[in-house]
Amino acid sequence: MYIAHNHPAIRPGGSEAYAFEVYESMRDSGEFEPMFVARSGPPYSIADRHHEGRPFTLVNEDPNQYLFYTDATGHDWLYGRSPHKSALTRFYTEFLRDHKPDIVHFQHTMFLGYDILRVTRNALPGVPIVYTLHDHTLICHRDGQMVRTLNNELCREESPRRCHECFPDISPQTFFMRKRFIQSQLAVVDLFVTPSPGALERYVEWGIPRSKIVHEPHGRPTSISIPQAEEDRERNRFGFFGQFTAYKGADVLLEAMSLLGEDFDGHLWIHGANLDTAPDYFQEQFGELIEDAHSNVRLVGQYEARELSRLMERIDWVVVPSITWETGPLTLLEAFQHGRPVICSDIGGMAEKVTDGVNGLLFRRGNAHSLAAAMRRAVETPGLWDHLHGGIPPVQTMDEHVAHLSTHYRALLRELKAGPKAAPPGDKVLEHA
Amino acid sequence: MPDIRVSRLSSGVLLLAGDSDRHDQAEVLLRGDSGVKTPLASLSFEYEPMTGRDRTLLMVFLPQEGQRRRRSGDTLLVRREAGDREFARRDLEQALVDIQTFTRDELAPLEAQRRADVMRFLTKALAVQPARGAIAVSETLYGLRAALRERLPTYVHAPDQPRGLAVESIMAVDDRSFYMEGWARDEEAEIVRLTAVSPEGDRAEIGANLYRFARTDVTNYFSGGVVSRQDPTEKAGFLSFLELDSPSFLGTGWVLEMENAEGSSIEVSGPTVLRDPAAARSRLLSDPGRDRLPDDDLMEHHVMPALTRIQRRVEAGIKVGSLTEFGEPPASPAVSVIIPLYKRVDLIEQQLAEFVQDPEMFEADIVYVLDSPEQKDELLFLAERLFPVYRVPMRIAVLERNVGFANANNAGASVARGRILLLMNSDALPDKPGWLGAMTRFYDATPKIGALAPKLLYEDGSIQNAGMYFHRQPGMDLWTDAHYYRGLHRDFPPANTPRKVPLLSGACVMIARELYQQLGGLQGVYVQGDYEDSDLCMRLMQMGLDNWYFPEAEVFHLEALSYAPSMRMPANRYNAWLHTHLWKDQIEQLVAEQDEAPEPTA
C-alpha cells in the first residue's frame, strides 16, 4: 500500500507525481498488487463536511485508489503532527485492518503527521513499513531544504543550536524535542529509501541506522517519446523548468543572463509557475529581474507534463540552478531522457548525476558569474554539446525502479518469516476512575 | 442602670450585661424542659462604667439550628461562685434590645480605653463562631466599631504636614494574619505607637514589629525636593507582618492609628484587603526599592511567617480531585513515576513518545499530576487522543487546586503503587531505554541510600546536572547550590563514575516511597519549585543516609519548561534565604567535612 500526502490529480507536485508513477508501474508490470492512498482535504482541496465518518473515498473507478480525507488546519508544521489523532487511530486503523497490506510504503507524511507511522505499526504489528525520503523534511524545518535562513548558505549539520540560529523564535529545546519526537515515530520503520547518496549520508549522520536505509535512484516513465534524430543546429538555447521559488534558483539564472549582456548569442526560455506563493521579497526581486531582462529571455509560464517533450525538443541545454541540495531532481532526469545536457549547481543530487565535461556543466551554486561563464562556455565551445549529449547516461525506467523496490520488499517479507516482530504492548481501552 | 441588659450579635451569639461582684469565671448551661443541661461556650469581659458597680459582659454561644431545637421552655443557667442566676427564655426575649441600642446604652458611655477593649472582646465572636455566620457578625461589629472607637484626626496629605502616614497595601495571609505596607513619618517627635485596627474592631500594635526602609519618594515629597531639608537617614517606609487574635473577614475598613511621644495622634484608612494567595505571594517576594539581598530581619520576621502561612493555607486544601486510569495498569509495579504538570500539558506527548520505546515504562506505575486544574478537560482530552497511539499505561490525577511543585509531588506519592518513587519533571526526557531499571537495581543494591539521581543533560548533549554541592560567595551569608561539571561533555570522565554527592536535582530523583512518606515528602514552604530537592537531601543526610549520582542513566532536562520562569528571581532569592535559614549549621558542618576529605569517590 502506497501512502502519499497528496494525489497528483488534486494538485500537481513532484514527489506525488513520482509516487503515482510508481503505483502505476507496479500495477502494470510489478509482482505486487499496489494500492494508492493519498491524503486529501484542506488546504489543497476544499473542506468537505460529508467526509465526516467516512474519510476514505474513491478517486475514480480504480478499486485500489483511495483518498484519505483529513482536515489539516491545525497541523503542527514544526513537529509534523496533527491534533486530530482519532482520524488515524480509528478510521485509518480500520482501513488498514480491512485491507491487510503486506507492505506499507510511505512517500510522505506531510499533513498526516509522523505518528501515522506508529499507528500503522500498532494496527499491523507484523507488516514491514517502508519510508521514502524525498527531501530533508525530517531534518530541516525550513521546508526540508537544509539551506540556512541567515544568508541562504548551505547547511551541512543539524543541531538544536544551529536550527535556533535559523529560527530565533523557536528555542533550541523545541528543536531538540522535535527531533526526538520524529525519531520516536521513525523507530517503527523497517526500511528507508532515498534517491540521493548524499541525502543518505546526511540522514545517517542525523541518526537513522545505516542498516535501515538504502539508495535507490528514481526512474522515469517510459511512455515519453524521446526524439531520436537531432537536426544540426546551433546549440544556444537554454531552458529552465520548475517552480519560481527561492530554492530553485531562477533568479540566479536571470542574473547570469543579465551579466552575459544584450548581445550574448544565447536564448533563454523560462517555464515555470507558482510565483504567487513565493515570499514577497522574492516576488519583487524576480519581477525586477524579468523586467530588466534583455530580449533574449522569454518567460513562458506554466506547462503541463505532457507538453514537456515538445518543450524540451525546442531547447538544447537544461539549466538546473537550485540553491538547495536536491535529491532528484526530476527535471534533471527528464532532461537526460530527452538527451539534453544539463547545466546545474555543483551540490547535492545535481552534482551526483552530472559530471562536468561528461554529460553536462557544473557551476558554483548561487553564483551568477559562475553560471554565466558556464553558459558562455556552452555556446562558444564548438562540439561541446555533441560531446556532452553523447555522455548522457540512460535513465532508469520506472519499471526497473519498481523492480528494485520489489527486491527490497521481498527481502523484508523474508525477514518477517524468519522471526515475527513483537506485538506492541498494551491494547486496552481507557478506564475512568 | 437596669440590672441586666440583653442583646445579640447574631442569632447564635447572645450578649448579657449585668452587675458583678466577683471576677470569677462563669459557666453557662442551657436547661431544657426535660431537665437536661447542655453546657454552652461563653466568654466574659469585666469593666467599670463611669458610675455604679462593676459590670460583666457575657457572650454566650447558643447551639446552632439543627444541633438542638430550642424549645420555649429553655432556661439559661449562669453559674458563678457567687451564686447561680437563671434566665427564662421568655424573659430574655422580652428584655432583648437591638445591638445598636445595647451599645449606646451599655458600652458607649465607657471611657475610651475600655471601649477599645470591649471592641476587641467582641471580635472574639468571630473566633468561636463557625464560618457560616461570620460575615453577618463581621458587619455588625463594623457598625459597632463606628459607635465605640475613639476617632483620631484623619491625616490629610499635604507637603507641609509635620507628620503623616499611609497604608498602601494590606494582604491577607490567612484569616487572622496580614501583611501591611505603607509609610509613616513624624518630624516633631518619635513615633511611639502604630496600631492597626481591623474593620471589626480588633487591634494589633505593630509599632514594635516593623521593618523600616528608606522611601525617597516620601522624603522628597515632604521636603519639597530640597535636599538640604532632608534627613538622609529617614526610613519612612514600613512593612509589617501582623497577627490578630480573632479572624477578620471584611475587605474594607482597616484603619492605622499613629501617636508620637508628645501625644499627637492621627489616623488613616487602609485600602481593600488583597486576598488572593498567589497575588499576595507575588507581592511578598517583590521588593520595590528595597535591598537586592534578602535582609535577615525582613525575611525572618515578616516575609517568612507570612509566606509559610500562605503555603500552609494552600497545603490544607491539597486533594486529588479525580484520578483517571488509561490502559491496563501493571500488576505489581516496583517503581511509581510521579510527574507534575503545570500549564505545559502538551509536554505529555513528548514524554510518551520516549516512554513508548522502553518496555520498562510499561511495567512502571506512571502518575501525571495536574497542578493547573483549570486545564483538566484539555489534558484529559489530549490523553484520550494520545493513549491509542502510544498505549503506555498511566494515570492522571487532577488536583482540586494549584498547590505548587512540592505538594503536587506529595499528592502523586499519596496515590503511588510502587515501593520506589521516581519524581520526574515534565520537561525531562530519558535518552535511552533501560534507564529506569538500571537506576532501580542500583538503588536496591546500595546500602544506606537516601536518594538517587541520573546524569541530566542539556539539549545539546552537555551536562546539565551531575550532582550539586554547597557554595557561598565570600563575605556573604547565603548558601546556594553549585553544580558539578555543568556544561561539560557528557563523556567527561570524572562525571561518569557513580558517587555520593551532597545534593541532587529534583528534576529526576529516585527515593523509596516509605522513606519519602516518613519524611513528609517535599516541603511546601519553598515557593514554586526550588531548593525543595536540596532540602530533601539535607533531611536524608540528617538521617545518616547518602545521596548518589548515577551517570549510567542519562536524562535530558529541558530546564524551565515545566514551571514558568516569570517569578523565578524573587522566588529564588527567598528560597535560597529560607534554605540557608533552616540548614545553616548543618551546611557549615558538611562543608567543613568536605574540605577535609579528599574528592568524593564511589
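Checking the conditions here, which among B:Ala184, B:Ala196, B:Ala189 is touching a strand residue (DSSP E or B) at 6+ places or on another chain (Cβ under 6 Å), touching a residue at least 60 places away in the same chain (Cβ under 8 Å) and not in a strand (DSSP E or B)?
Numbers: B:Ala184 fails: not in a strand (DSSP E or B); B:Ala196 fails: not in a strand (DSSP E or B).
Step by step, each of B:Ala184, B:Ala196, B:Ala189 is checked, and only B:Ala189 is touching a strand residue (DSSP E or B) at 6+ places or on another chain (Cβ under 6 Å), touching a residue at least 60 places away in the same chain (Cβ under 8 Å) and not in a strand (DSSP E or B).
State which residue is surrounded by the most Cβ atoms within 10 Å (Cβ to Cβ) when the search covers only region A:154-209 and only residues that are more than 13 Å from chain B (Cβ to nearest Cβ) and among the small types (Gly, Ala, Ser).
Result: A:Ser196.
Please enumerate the residues belonging to region A:381-409 that are assigned to a helix (DSSP H, G or I) and more than 24 Å from A:Glu31 (Cα to Cα).
Kept after step one, since they are assigned to a helix (DSSP H, G or I), are these residues of region A:381-409: A:384-390, A:398-409.
Result: A:Leu384, A:Trp385, A:Asp386, A:His387, A:Leu388, A:His389, A:Gly390.
If we keep just the residues of region B:98-109 that are closer than 21 Å to B:Ser138 by Cβ and outside any helix (DSSP H, G or I), which is most open to solvent (accessible area, probe 1.4 Å)?
Checking each candidate, the answer is B:Asp98.
Which of the residues that make up region A:73-85 are within 14 Å of another protein chain (Cβ to nearest Cβ) and open to solvent by less than 70 Å² (accessible area, probe 1.4 Å)? Working first, answer last.
Let us first name the residues in region A:73-85 that are within 14 Å of another protein chain (Cβ to nearest Cβ), namely A:74, A:76, A:78-85.
Selection gives A:Gly74, A:Asp76, A:Leu78, A:Tyr79, A:Gly80, A:Arg81, A:Ser82, A:Pro83, A:Lys85.
So is A:Tyr69 of a type outside the set (D, E, K, R), within 14 Å of chain B (Cβ to nearest Cβ) and without any contact (Cβ under 8 Å) to a residue 60 or more places away in the chain or not?
Numbers: of a type outside the set (D, E, K, R): yes; within 14 Å of chain B (Cβ to nearest Cβ): no; without any contact (Cβ under 8 Å) to a residue 60 or more places away in the chain: yes.
Criteria not met by A:Tyr69.
Would you check if there is a residue in region A:315-328 being at pLDDT below 90, open to solvent by 20 Å² or more (accessible area, probe 1.4 Å), touching a Phe, Trp or Tyr at 6+ places or on another chain (Cβ under 8 Å) and not aromatic (Phe, Trp, Tyr)? Please lay out each step first, then the result.
Filtering region A:315-328 down to residues at pLDDT below 90 leaves A:326-328.
Narrowing further to those that are open to solvent by 20 Å² or more (accessible area, probe 1.4 Å): A:326.
Next cut, touching a Phe, Trp or Tyr at 6+ places or on another chain (Cβ under 8 Å) only: none.
Scanning region A:315-328, I find no residue that is at pLDDT below 90, open to solvent by 20 Å² or more (accessible area, probe 1.4 Å), touching a Phe, Trp or Tyr at 6+ places or on another chain (Cβ under 8 Å) and not aromatic (Phe, Trp, Tyr), so the answer is no.
Against the condition surrounded by 20 or more Cβ atoms within 10 Å (Cβ to Cβ), more than 17 Å from B:Val13 (Cα to Cα) and not small (Gly, Ala, Ser), how does B:Arg163 come out, does it pass?
Against the criterion (surrounded by 20 or more Cβ atoms within 10 Å (Cβ to Cβ), more than 17 Å from B:Val13 (Cα to Cα) and not small (Gly, Ala, Ser)), B:Arg163 does not qualify.
Could you list, in sequence order, the residues of region A:71-106 that are among the polar types (S, T, N, Q) and under 22 Å from the mean Cα position of the chain (by Cα)?
At the first step, the residues of region A:71-106 found to be among the polar types (S, T, N, Q) are A:73, A:82, A:86, A:89, A:93.
Matches in region A:71-106: A:Ser82 only.
Here's a check for you: in region B:550-602, which residue that is among the charged types (D, E, K, R), open to solvent by 80 Å² or more (accessible area, probe 1.4 Å) and not in a helix (DSSP H, G or I) is modelled with the highest pLDDT?
First pass over region B:550-602, keeping only residues among the charged types (D, E, K, R): B:552, B:554, B:559, B:568, B:573, B:584-585, B:588, B:593, B:595-596, B:599.
Right, trim to open to solvent by 80 Å² or more (accessible area, probe 1.4 Å) and you get B:552, B:585, B:593, B:595-596, B:599.
Now narrow it down to the ones that are not in a helix (DSSP H, G or I): B:552, B:599.
Working: B:Glu552: 97, B:Glu599: 53.
Checked region B:550-602; the qualifying residue modelled with the highest pLDDT is B:Glu552.
Filter region B:437-467 down to residues that are open to solvent by less than 30 Å² (accessible area, probe 1.4 Å) and more than 14 Å from chain A (Cβ to nearest Cβ), then give me how many there are.
17
Within region B:329-351, how many residues turn out to be more than 20 Å from B:Arg419 (Cβ to Cβ) and either surrounded by fewer than 18 Cβ atoms within 10 Å (Cβ to Cβ) or facing chain A (nearest Cβ under 9 Å) (or both)?
Start the filter on region B:329-351 by keeping residues that are more than 20 Å from B:Arg419 (Cβ to Cβ), which leaves B:340-351.
Filter once more, so that each one left must be either surrounded by fewer than 18 Cβ atoms within 10 Å (Cβ to Cβ) or facing chain A (nearest Cβ under 9 Å) (or both): B:343-344, B:346-347, B:349-350.
Count: 6.
What about B:Gln94, is it open to solvent by 80 Å² or more (accessible area, probe 1.4 Å) and either among the β-branched types (Val, Ile, Thr) or under 21 Å from B:Thr195 (Cα atoms) (or both)? Working first, answer last.
Details: open to solvent by 80 Å² or more (accessible area, probe 1.4 Å): yes; either among the β-branched types (Val, Ile, Thr) or under 21 Å from B:Thr195 (Cα atoms) (or both): no.
Here the answer is no, as B:Gln94 does not meet what is asked.
Quick check on B:Gly434: is it closer than 14 Å to B:Met510 by Cα, away from chain A (no Cβ under 14 Å), surrounded by fewer than 24 Cβ atoms within 10 Å (Cβ to Cβ) and of a type outside the set (Phe, Trp, Tyr)?
Details: closer than 14 Å to B:Met510 by Cα: no; away from chain A (no Cβ under 14 Å): yes; surrounded by fewer than 24 Cβ atoms within 10 Å (Cβ to Cβ): yes; of a type outside the set (Phe, Trp, Tyr): yes.
No.
Under the condition of being open to solvent by 30 Å² or more (accessible area, probe 1.4 Å) and under 28 Å from the mean Cα position of the chain (by Cα), which residue from region B:317-328 is nearest to the other protein chains (Cβ to nearest Cβ)?
Checking each candidate, the answer is B:Leu323.
Could you tell me which numbered condition A:Arg298 fails, if it satisfies all but one of (1) at pLDDT 85 or above; (2) crowded, with 17+ Cβ neighbours inside 10 Å?
With (1) at pLDDT 85 or above; (2) crowded, with 17+ Cβ neighbours inside 10 Å applied to A:Arg298, the lone miss is (2).
Tell me which residues, restricted to region A:86-97, are among the aliphatic types (A, V, I, L, M) and more than 8 Å from chain B (Cβ to nearest Cβ).
Going through region A:86-97, the residues among the aliphatic types (A, V, I, L, M) turn out to be A:87-88, A:96.
Residues satisfying the conditions are A:Ala87, A:Leu96.
Within region A:29-55, track down each residue that is of a type outside the set (Gly, Ala, Ser) and modelled with pLDDT under 90. Spell out the reasoning first.
Taking region A:29-55 first, the residues of a type outside the set (Gly, Ala, Ser) are A:31-37, A:39, A:42-44, A:46, A:48-52, A:54-55.
Those that are of a type outside the set (Gly, Ala, Ser) and modelled with pLDDT under 90: A:Glu31, A:Pro42, A:Pro43, A:Tyr44, A:Ile46, A:Asp48, A:Arg49, A:His50, A:His51, A:Glu52, A:Arg54, A:Pro55.
When you scan region B:387-425, how many residues do you find that are open to solvent by less than 30 Å² (accessible area, probe 1.4 Å), out of contact with any strand residue (DSSP E or B) (no Cβ under 9 Å at 6 or more places or on another chain) and within 14 Å of another protein chain (Cβ to nearest Cβ)?
Within region B:387-425, residues that are open to solvent by less than 30 Å² (accessible area, probe 1.4 Å), out of contact with any strand residue (DSSP E or B) (no Cβ under 9 Å at 6 or more places or on another chain) and within 14 Å of another protein chain (Cβ to nearest Cβ) number 2.
Within region A:128-153, take every residue that is surrounded by 15 or more Cβ atoms within 10 Å (Cβ to Cβ) and of a type in the set (A, V, I, L, M) and give me the one that is nearest to the chain's Cα centre (by Cα).
Ranking the qualifying residues of region A:128-153, first place goes to A:Leu133.
The values are calculated or read from the model by the stated rules, or taken from the named source; none is laboratory data. Computed from a predicted model, the values in this text were never measured in an experiment. So basically every Cβ, Gly included, is an ideal-geometry build from the backbone, and we count neighbours across all protein chains shown. When the accessible area is computed, the model is the full protein with side chains, heavy atoms only, and any ligands, DNA or RNA have been set aside. Shrake-Rupley method; radii C 1.70, N 1.55, O 1.52, S 1.80 Å.
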